[in-house]
Every structure is written in C-alpha cells, then in structure tokens.
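Trainee: Before we start, here is the structure in question, set down as structure tokens.
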Amino acid sequence: MSAFNEDQFNEECAVFGVFTSDNSAHHLTALGLHALQHRGQEATGMVSFNGTSLNALRGFGHVGDNFNADTAEMDAMAGHMAIGHNRYSTTGLSEYRNIQPFLTELAFGQFALAHNGNLINAARLRASLVSAGSLFQSTTDTEIIIHLVARSHRKTPIDRLTEALMQIEGAYALVCAFDNQLVGVRDPLGIRPLVLGKLEDGYVLASETCGLDIVGAEFVRDIEPGEMVVIDGEGITSSRPFSETGSRFCVFEYVYFARPDSVVEGRGVYATRKQIGKELAKESGIKADVVVPVPDSGVPAALGYAEEAGIPFDLGIIRNHYIGRTFIQPTQAGRTQSVRMKHNANIATVKGKSVILIDDSIVRGTTSRKIVSMMREAGATQVHMRIASPPTISPCYYGVDTPDKDKLIASYMNADEIAAEIGADSLSFVSDDGLYRAMGFTEGRNSSCPQMCDACFSGDYPVKTAGDRFSSGVKNGE
Ligand code: AMP
C-alpha cells in the first residue's frame with residue numbers, strides 16, 4: 001500500500017500566523033499554538049522569518065514540550081513574522097516528515113505552509129503530480145498544495161498560490177509565509193475557521209479567537225469564506241480570488257471541536273453549547289436527582305440542561321487531565337482502556353441518585369458504554385443519557401476525525417437500541433432543529449437559515465463533486 005492513505009487524513013489541526021514589528025513573532029506563535037493545543041496534540045511546528053530567511057522548528061508532542069523561551073533553538077527562531085501548526089493525533093501514522101508547517105525552496109524563493117482541513121480530491125491530484133515527476137516528502141494532502149505552487153507558471157508567489165488553490169477541493173484554512181509576507185486563506189465554503197486579530201504593531205491569524213486572546217491581539221473579524229489576506233510591512237490587503245459558493249461553516253466546531261471561550265463566526269462557543277443543553281432539556285427532559293456532565297466536553301451543555309430543567313448540576317465524573325483524547329487510540333481495546341484512565345466516578349455525588357448524563361456526542365459508543373456502567377457501579381439508581389448533538393451518522397471528509405460509517409453506532413442503531421447497547425435507562429439526542437435553534441435560528445433547521453456543514457449529522461455533504469473518498473466506498477449524501 002502506498003504511504004499515502006486517505007484514511008489517515010483525519011487532521012483536526014490548528015494554524016497560527018503573526019506579522020509584527022519586533023522580533024517576538026516566534027514567542028507569540030508559541031503562545032498562540034499553546035492556546036490552540038486542543039485542536040491537535042500529536043506534533044507542533046513553527047516557521048519564522050528572521051529578516052533574511054525562513055527557518056523551521058518542529059517536534060512531536062505538546063507546544064510546551066517543544067517551544068520553551070530561553071532555549072538556543074527558540075532564540076534562533078527570533079523574527080518579526082512566523083506561522084505555526086498543531087497536528088492532531090490520528091489513527092496511526094505519526095511521522096516526523098508530516099509535521100507542519102512545511103518549508104520548501106521553490107523557484108521564487110522560500111515558501112512555508114500550514115493547513116487545517118482536508119482535501120477531498122487529494123488522491124487524484126497526488127497521483128497526477130507523481131506521474132508528472134513530483135517527489136513527495138510526506139504522506140499528507142497538504143503537500144499537494146506546495147507541488148501545485150511549484151508547478152505554477154504565474155509570476156508572483158500569490159498568483160501561484162491562487163492558481164494552486166483553484167485546483168483543490170475540500171476544506172482548508174491556510175497560513176503561508178513567503179519572503180516577507182504572511183498569507184491567510186479560507187476555502188470558498190469556509191468550512192474550517194480562521195480569524196484575524198490586530199496587535200498594536202501588526203496582525204495575527206488564528207484558527208480560533210482564543211489564539212488571539214493569549215497574545216493580546218484584538219479580534220478584528222473572521223477571514224471570510226474564499227478570502228485571501230496578505231499581510232506585510234505595508235499593512236493588510238484582501239482579495240477574493242475564487243468564485244462565490246456560499247458559506248458552509250462546520251457545526252461540529254460548536255458541538256465539540258472549538259474551545260468554549262472562542263467566538264467563531266460571530267457566535268460564542270460556550271453560550272451555544274449551553275443553549276444546546278437547554279434545547280435538549282426542553283425536548284427530552286426527564287425527572288432525575290442530578291445532571292452530570294461527561295467532562296470536559298459535556299460541561300457547558302450540562303449546565304444549560306440543569307438550568308432549564310431545574311435539576312442540580314454536579315460533578316459525578318472526575319477527569320484525569322494527564323491523558324490524551326480517548327478517541328485517538330488506534331484499537332478498540334486501547335480506546336476502552338483509555339476511557340477508564342481518563343474518567344472516574346465521584347461516588348459521593350451519584351450514589352443512590354438517578355442521574356442524567358450529558359455528553360456532546362456519541363461516535364462509536366465507547367465512552368458512553370463505559371461511563372454508564374461506571375455510574376451504575378458507583379451506585380446510581382438510574383442513568384439517563386442525553387446527547388448535545390444529533391446522532392452522528394456520517395463521516396467527516398473535511399478535517400474532523402471520524403471513523404468510517406460502519407463504525408458510527410448511530411448509523412446502524414436508533415436511540416433506543418443504542419440505549420440498550422450502552423446500558424442506559426434512556427437515551428435522547430438533541431434534534432437538528434434544537435441544534436439550529438441553539439445557534440440562533442429560531443425556526444430550527446430549514447431553508448431560511450444560512451447553510452452550514454452538518455454532514456456528520458445529516459449526510460448532506462457540501463462538496464457534491466465526486467471526490468476520491470466519495471468514489472471509493474462512501475457515496476454522497478449517505
Ligand atoms: P465515542 O466514545 O466513540 O462514542 O466518542 C464520543 C466521545 O468522543 C465524546 O465524549 C466526544 O466528546 C468525543 N469526540 C467526539 N468526536 C470527536 C472527535 N472528532 N475527536 C475527538 N473526540 C471526539
């Protein structure tokens with residue numbers, strides 16, 4: 001099998017970029033990536049411009065393990081412009097060569113690139129580039145963009161990048177660095193987030209606003225779908241090189257992925273999650289003694305649920321923070337074991353009580369199965385599970401790590417069957433309408449709301465062309 005395997009393109013990542021007037025860009029990038037650590041913990045990297053050349057520093061593990069102030073490696077990265085990337089742990093292939101940002105020497109000079117998202121026509125593009133003589137260094141889809149830039153005959157680096165992006169399909173929030181220019185681009189559907197912030201003497205690009213807060217940048221606006229911004233010593237310019245398609249922002253950013261203190265596409269993530277909990281209580285409220293979140297992802301929704309239902313909220317499960325996300329274990333046995341290592345029952349708050357357990361989503365059912373039985377072992381008299389998203393029935397091809405459709409428990413079982421499978425007394429998911437109401441669309445999900453990408457819950461994929469993934473087993477709209 002080729003080292004290039006689209007099943008490993010499960011890249012939930014963070015990007016960051018800064019252009020400033022002093023030599024602090026490397027430190028600001030380390031801070032920004034630290035705030036965005038939740039978007040990727042497998043590896044981290046930065047490329048900075050020291051006034052003469054772009055230089056890279058990368059490593060496996062967390063930002064704090066790699067970018068420490070006062071090390072010789074960090075001192076060597078001093079510069080006024082830098083980009084950075086956090087990579088998510090995926091189902092296997094962890095290789096140094098896949099750590100971004102990528103830094104290359106092209107005909108016009110150095111070019112560095114960091115990407116959050118997923119290209120759906122990657123296999124076809126890669127095959128044609130390889131047959132035309134391109135030598136790939138990594139197994140990522142991101143590298144395809146570099147080869148397309150390298151092969152472009154357009155005059156300026158920006159025009160070459162634009163031509164390259166015209167050829168790709170899928171989701172991308174990119175930060176790039178050329179000679180003395182920082183570039184940010186969002187795909188025409190704006191599936192993945194990218195925001196712009198202002199420093200006293202420069203600009204910041206980040207996947208989420210929490211990456212601006214940490215460096216003291218003021219939020220300016222979201223980079224718009226299909227927009228390219230170029231930042232240099234003269235300031236910022238914006239262009240829209242792609243034809244308008246209408247935006248399809250990812251609803252899963254609100255459900256799970258973004259940090260609760262971020263504001264994405266004008267909506268506070270925390271407030272949205274709390275409101276989903278309220279909608280859930282309105283739709284499928286049930287009497288119980290206590291509302292317990294599955295930490296950390298279920299906490300805001302559980303607070304909303306408890307407030308709406310008038311039932312006490314309490315921490316019935318304590319999370320050990322010194323373990324990575326359970327979801328990323330390559331085997332089911334590994335996942336089950338890590339759920340145990342990650343969560344433990346707080347017997348004092350659940351013993352002898354009927355419990356409403358709130359989590360943000362059910363994917364394979366591994367977490368809920370373990371947590372329900374943990375509640376029973378701790379003495380809960382009843383366990384009712386409420387989920388702050390609709391059933392996850394379809395995989396994401398745009399940058400969120402989801403297993404294949406046949407592993408998604410809600411794709412082959414209804415709520416009652418899942419309740420029986422995970423051992424819960426009852427189980428309900430928030431409805432599509434409830435989710436959209438929580439995002440501020442009072443009529444629910446209908447044709448009058450601005451469209452979003454909710455393919456994981458609806459099977460309605462925004463990129464309708466037959467991408468390689470779609471033609472290799474999974475059909476559109478399944
Ligand atoms: P599962 O245990 O397979 O049912 O997965 C559900 C749990 O994984 C929930 O607690 C979610 O918070 C979390 N989760 C859902 N989607 C993802 C994702 N794409 N990446 C990492 N964790 C996730």
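Trainee: Take the residues in segment 174-199 that are out of contact with any Ser or Thr (no Cβ under 9 Å at 6 or more places or on another chain) and open to solvent by 20 Å² or more (accessible area, probe 1.4 Å), then tell me which one is modelled with the lowest pLDDT.
Mentor: Taking the candidates together, the pick is Asp179.
Trainee: Then there is this: Might you check whether a residue that is more than 12 Å from the ligand (Cβ to nearest atom), within 12 Å of Ser368 (Cβ to Cβ) and assigned to a loop (DSSP other than H, G, I, E, B) occurs anywhere in segment 427-442?
Mentor: No, segment 427-442 contains no residue that is more than 12 Å from the ligand (Cβ to nearest atom), within 12 Å of Ser368 (Cβ to Cβ) and assigned to a loop (DSSP other than H, G, I, E, B).
Trainee: Right, next: Being in contact with a Gly (Cβ under 6 Å, 6 or more places away or on another chain) and buried (at least 19 other Cβ atoms within 10 Å of the Cβ) is the filter; apply it to segment 276-301 and report the residue that is nearest to Asn346 (Cα to Cα). Step through it out loud before you land on a result.
Mentor: Here is the first cut: in segment 276-301, the residues in contact with a Gly (Cβ under 6 Å, 6 or more places away or on another chain) are 277-279, 283, 292, 301.
Checking which are buried (at least 19 other Cβ atoms within 10 Å of the Cβ) leaves us with 277-279, 292, 301.
Working: Gly277: 22, Lys278: 24, Glu279: 27, Val292: 10, Ala301: 19 Å.
So, considering only residues that are in contact with a Gly (Cβ under 6 Å, 6 or more places away or on another chain) and buried (at least 19 other Cβ atoms within 10 Å of the Cβ), the one nearest to Asn346 (Cα to Cα) is Val292.
Trainee: Now, a different point. Taking the stated definitions as given, is Ala288 away from the ligand (no atom under 16 Å from the Cβ) and in a helix (DSSP H, G or I)?
Mentor: Values: away from the ligand (no atom under 16 Å from the Cβ): yes; in a helix (DSSP H, G or I): no.
No, not satisfied.
Trainee: Can you tell me which residues in segment 58-85 are in contact with a Phe, Trp or Tyr (Cβ under 9 Å, 6 or more places away or on another chain), closer than 20 Å to Arg97 by Cβ and open to solvent by 30 Å² or more (accessible area, probe 1.4 Å)?
Mentor: The answer is Arg58, Phe60, Asn66, Glu73.
Trainee: Exactly one condition in (1) away from the ligand (no atom under 14 Å from the Cβ); (2) closer than 24 Å to Asp401 by Cβ is false for Ile276; which is it?
Mentor: Failed condition: (1).
Trainee: With respect to Ala171, is the statement that it is farther than 28 Å from Gly79 by Cα and either open to solvent by less than 20 Å² (accessible area, probe 1.4 Å) or free of Cβ contacts under 8 Å to residues at least 24 places away in the same chain (or both) true?
Mentor: Numbers: farther than 28 Å from Gly79 by Cα: yes; either open to solvent by less than 20 Å² (accessible area, probe 1.4 Å) or free of Cβ contacts under 8 Å to residues at least 24 places away in the same chain (or both): yes.
It is true that Ala171 is farther than 28 Å from Gly79 by Cα and either open to solvent by less than 20 Å² (accessible area, probe 1.4 Å) or free of Cβ contacts under 8 Å to residues at least 24 places away in the same chain (or both).
Trainee: Specify the residue that is modelled with the highest pLDDT; the eligible residues are those in segment 447-464 that are hydroxyl-bearing (Ser, Thr, Tyr) and open to solvent by less than 70 Å² (accessible area, probe 1.4 Å).
Mentor: Taking segment 447-464 first, the residues hydroxyl-bearing (Ser, Thr, Tyr) are 447-448, 458, 461.
Pick out the ones that are also open to solvent by less than 70 Å² (accessible area, probe 1.4 Å) and you get 458, 461.
Details: Ser458: 94, Tyr461: 91.
Once the filter is applied, the top-ranked residue is Ser458.
Trainee: Specify the residue that is nearest to Ser458 (Cα to Cα); the eligible residues are those in segment 344-386 that are within 9 Å of the ligand (Cβ to nearest atom) and not in a loop (DSSP other than H, G, I, E, B).
Mentor: Just the residues of segment 344-386 that are within 9 Å of the ligand (Cβ to nearest atom), to begin with: 359-371.
Within this subset, residues satisfying the condition of being not in a loop (DSSP other than H, G, I, E, B) are 359, 366-371.
Details: Asp359: 19, Thr366: 22, Thr367: 22, Ser368: 22, Arg369: 24, Lys370: 27, Ile371: 26 Å.
Looking at residues that are within 9 Å of the ligand (Cβ to nearest atom) and not in a loop (DSSP other than H, G, I, E, B), I get Asp359.
The values are calculated or read from the model by the stated rules, or taken from the named source; none is laboratory data. Note that this is a predicted model, so its numbers are computed, not measured. Cβ sites come from the backbone with ideal geometry, for glycine too, and all protein chains shown count toward neighbours. With ligands, DNA and RNA removed, areas are computed over all heavy atoms of the protein, side chains included. Shrake-Rupley method; radii C 1.70, N 1.55, O 1.52, S 1.80 Å.
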